[in-house]
Amino acid sequence: MTKRKKVVLLGSTGSIGGSTLEVARQLPERVELIGLAANSSVEALAEQVRETGVREVAIYDASKEAELRSLLPEGVRVRVGEEGLTELATLAEADMVLVAIVGTAGLQPALAAIEAGKDLAVASKEILVMAGEVVTAAAERHGVRLLPVDSEHNAIFQCLDGHRGGADEVSRLILTASGGPFRTMPADQLEQVTLEQALKHPTWEMGRKITIDSATLFNKGLEMIEARWLFGIGMEKIDVIVHPQSIVHSMVEFVDGSVLAQLSRTDMGFPIQYALTWPERLKGGLQPLDFAELAKLDFEAPRESDFPALRLARTAGLKGGTLPAVFNAANEVAVDAFVDRRLSFPGIWRVVEATMDAHACADASSLDAVVSADAWAREEALKRL
């Protein structure tokens with residue numbers, strides 16, 4: 001009998017966390033959740049504990065510890081803060097840690113998991129955008145597999161899986177983008193975009209930050225940098241194509257002109273299940289495509305002049321060093337300001353570009369350098385507001 005994979009889930013109460021729990025429900029003989037962590041949603045976390053029977057949890061917000069303890073069954077161990085996440089990520093019995101924490105809070109626990117020899121399923125873009133050099137070097141050093149959970153990177157991973165020719169045979173990685181809610185909006189109308197409009201994604205149900213990043217195309221820019229580290233491919237070989245239906249999740253073009261694509265319904269269960277069960281494919285509760293229902297699949301070039309995020313991401317990825325961390329941090333600050341209605345929609349990329357232009361790029365082979373650049377960028381971006 002095949003062994004159940006024991007999984008620690010960091011970010012269990014978010015959208016990726018919820019989809020991961022659903023995959024675990026569908027595959028109880030193959031996936032066992034042994035640890036759950038949340039930022040501050042204590043009631044949702046407690047309900048997940050009661051459902052799964054997990055005995056190890058962590059809450060990032062220390063002020064919520066007492067409330068969480070009051071809601072949990074007896075015998076459940078509670079850990080707190082970044083230290084608590086790190087302890088959970090290094091549980092001796094864990095086979096894999098799935099990091100689905102938005103922002104930079106997942107970086108230290110992810111590195112700790114790698115150093116403890118755990119395979120890492122990566123759903124948090126910041127981990128590889130900020131510290132791709134550090135994380136991939138640690139994974140190689142410890143013989144750990146990095147498994148992508150983003151639908152686009154998981155699609156590329158599936159297209160490359162079993163390919164023996166290496167990066168030299170890859171001509172391009174082609175990330176697909178829905179184009180967001182403003183794909184066809186004239187550029188002169190972007191100044192009037194509201195928060196409510198930006199949160200209405202046409203195809204995906206996601207968290208607030210990633211939904212706004214999708215509207216600006218910063219999400220795709222972050223994915224370009226992430227792909228560079230996940231697959232060892234130069235930024236010059238990573239392209240983006242807009243595909244409004246979000247059925248083709250990404251493609252790989254090989255040097256002979258052949259293109260492999262991965263297709264599925266717009267359900268995050270597909271990439272999560274493949275990451276959790278790799279190298280196997282298992283029948284779960286996911287519904288396959290009905291090709292007779294697909295009226296058409298459209299593709300178009302992104303409007304890079306109107307949505308500069310892709311250009312800024314390519315600049316950050318090509319220059320490397322600490323610039324990708326600055327790109328990420330400045331965007332987080334700008335998105336927060338937009339959410340607080342202190343910044344216009346185009347103001348997001350203006351703040352990011354100004355912050356990048358002001359940065360003196362440094363080597364990023366140490367975590368300290370990355371963290372320092374992140375802190376500098378947040379302070380600088382605040383000034384630019």
Query - In the range 323-355, trypsin sites (Lys or Arg not before Pro) in a DSSP loop with at most 16 other beta-carbon atoms within 10 Å - result: ARG341, ARG342
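How much net charge surrounds GLU67 when only the other residues with a Cβ under 14 Å from the Cβ of GLU67 are counted, with Lys and Arg +1 and Asp and Glu -1? All intermediate terms of the calculation are to be shown ahead of the outcome.
Details: positive: LYS64, ARG69; negative: GLU43, GLU47, ASP61, GLU65.
Charge balance in the 14 Å sphere: -2.
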Query raised in the report: With contacts defined as alpha carbon pairs under 8 Å and 6 or more residues apart, what's the relative contact order of the range 61-200 in percent?
Result: 15
Query raised in the report: What part of the accessible area of the range 290-350, given as a whole %, is carbon or sulfur when the probe is 1.4 angstrom?
Result: 51
Query raised in the report: Per residue, how much accessible area does the range 1-153 have with a 1.4 Å probe, in Å²?
Result: 39
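Under 12 Å from the Cβ of LEU260, count the other residues' Cβ atoms, weight Lys and Arg +1, Asp and Glu -1, and hand me the total.
Every neighbour counted, the sum reads -3.
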Report task. Any lysines with Cα under 27 Å of the LYS6 Cα? List them, leaving off those in the same chain fewer than 8 positions away. Result -> LYS64, LYS118, LYS125, LYS283
Query raised in the report: So which aspartates and glutamates pass the test for LYS3, namely a Cα distance under 16 Å, with those fewer than 8 places away in the same chain ruled out?
Result: GLU29, GLU32, GLU93, ASP95, ASP119, GLU280
Requested in this report: Could you please state how large a percent of the accessible area of the range 112-192 is carbon and sulfur, counting protein chains only and using a 1.4 Å probe?
Outcome: 39
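About its Cα centre, how strong a charge dipole does the range 1-130 have in debye, to the nearest 20, once Lys and Arg get +1 and Asp and Glu get -1 at the Cβ?
Using Cβ point charges on Lys, Arg, Asp and Glu, the range 1-130 gives about 360 debye.
Would you calculate a helix-derived [θ] at 222 nm for the chain, using -39,500 (n - 2.57) for each DSSP H run of n ≥ 4 and dividing by the full residue count, to the nearest 500?
Numbers: 15 runs with 170 residues, N = 385.
-13500 deg cm²/dmol, from helical runs alone.
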Query raised in the report: Just how large is the dipole of the chain about the Cα centre, in debye to the nearest 20, putting +1 at every Lys and Arg Cβ and -1 at every Asp and Glu Cβ?
Result: 360
Report summary line: Relative contact order as a percentage, the range 183-322, C-alpha pairs under 8 Å and 6+ apart, gives 30
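Which whole-number percent gives the relative contact order of the chain, counting Cα pairs below 8 Å spaced six or more residues apart?
Normalised by residue count, the contact order of the chain is 15 percent.
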Report summary line: With DSSP loop assignment and no more than 16 other C-beta atoms within 10 Å, the trypsin sites (Lys or Arg not before Pro) in the range 1-100 are LYS3, ARG4, ARG55
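Using a simple charge model, +1 on the beta-carbon of Lys and Arg, -1 on the beta-carbon of Asp and Glu, nothing else, what dipole does the range 27-94 show about its Cα centre, in debye to the nearest 20? Could you put the intermediate results ahead of the total?
Details: 7 positive and 14 negative charges, 15 e Å.
For this selection, approximately 80 debye.
The values are calculated or read from the model by the stated rules, or taken from the named source; none is laboratory data. In this text, all values refer to a predicted model and were calculated from it rather than measured experimentally. FYI the Cβ positions are ideal-geometry reconstructions off the backbone, even for glycines, and counts take in every protein chain you see. Each accessible area value is taken on the protein alone, full model and side chains, heavy atoms only, with ligands, DNA and RNA left out. Shrake-Rupley method; radii C 1.70, N 1.55, O 1.52, S 1.80 Å.
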